[in-house]
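All remarks here apply to the structure that follows.
Each reported figure results from applying straightforward, stated rules to the coordinates on display, with no laboratory input. Just so we're clear, the structure is a prediction, and the values are computed from it rather than from any experiment. All Cβ positions, even for glycine, are placed from backbone atoms using ideal geometry, and neighbour counts span all protein chains on display.
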Amino acid sequence: MTEDVETRDGAGAQAPGAVPAAYQVLAQVRPLYQAAGRAVDQALRGTDLTVPLRAVLELVLDRGPMTVPQLAREFGVTRQSVQALVDTGAARGLLDLADNPQHRRSRLVAATGSGRRTFDEVHGRELAALDRVTADLDAEDLVSCARVLTLLTDRIRQLSDEEPT
C-alpha cells in the first residue's frame, strides 16, 4: 500500500503536517462501517433480523455452532449482550440452542432452517447491492483492500490486547 504523493517530501520523508496514509485508511473505516450498517439495516426491513442478530447468524452459519462466550469474544462484546441476542433469535425461531458435549453449562448456538433461509434471502439482497456499488471498481484493488484491512485489524487488535508497560 502506498501513501498519497502529497504526504511525502522529495526525499521520501513524511511532509510536515501531512496525514499518514495509514491514518487516512483508518479514518475511512468508521464512515464505511456506519454507512454499511445503515445499508444492512435497510436490507433487513420486513425480516425478523436486526443488524446484531444478523451478525450472529452469519457467524454460526460460517463457522458452525458456537457458545455464547465464543460469540462474545469474536464480537468483542459482553456475554450478556450476546445472550440477549441469542434469546431473541431463539424466540423468533432463527437460532437453536443445543447441549454442548464439551461443556455442561455453555450450550451451542446454531442457526435453524428458518434462520438460514432468512439469512440467505437478506444476504442475497446485500450482495446484489454490493455488486451495484462496486461494479466500476477493479477486483484486484478490492482484494488488496480486504487484505490490508484484515492485517490492520489483526495488528490493531494485538495493540489493544497488549499489557500497558
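About its Cα centre, the dipole of the stretch 19-160 is roughly 640 debye, where the only charges are +1 on Lys and Arg Cβ and -1 on Asp and Glu Cβ. All other residues with a Cβ under 15 Å from the Cβ of LEU142 taken together, and with Lys, Arg as +1 and Asp, Glu as -1, what is their net charge? It works out to a net charge of -3. Net charge in the neighbourhood of LEU127 (other residues with Cβ under 15 Å of its Cβ; Lys, Arg +1, Asp, Glu -1) is -3.
Rounded to two decimals, the Cα radius of gyration of the stretch 30-98 over 2.2 N^0.38 Å is 1.12. A convex hull fitted to the Cα coordinates of the stretch 99-165 yields 174 cubic angstrom per residue. Counting pairs of Cα atoms in the chain, how many percent are more than 20 Å apart? Value for the chain: 65 percent of Cα pairs lie more than 20 Å apart. Distance from the Cα centroid of the stretch 136-165 to that of the stretch 52-89 is 22 Å (rounded to whole angstrom).
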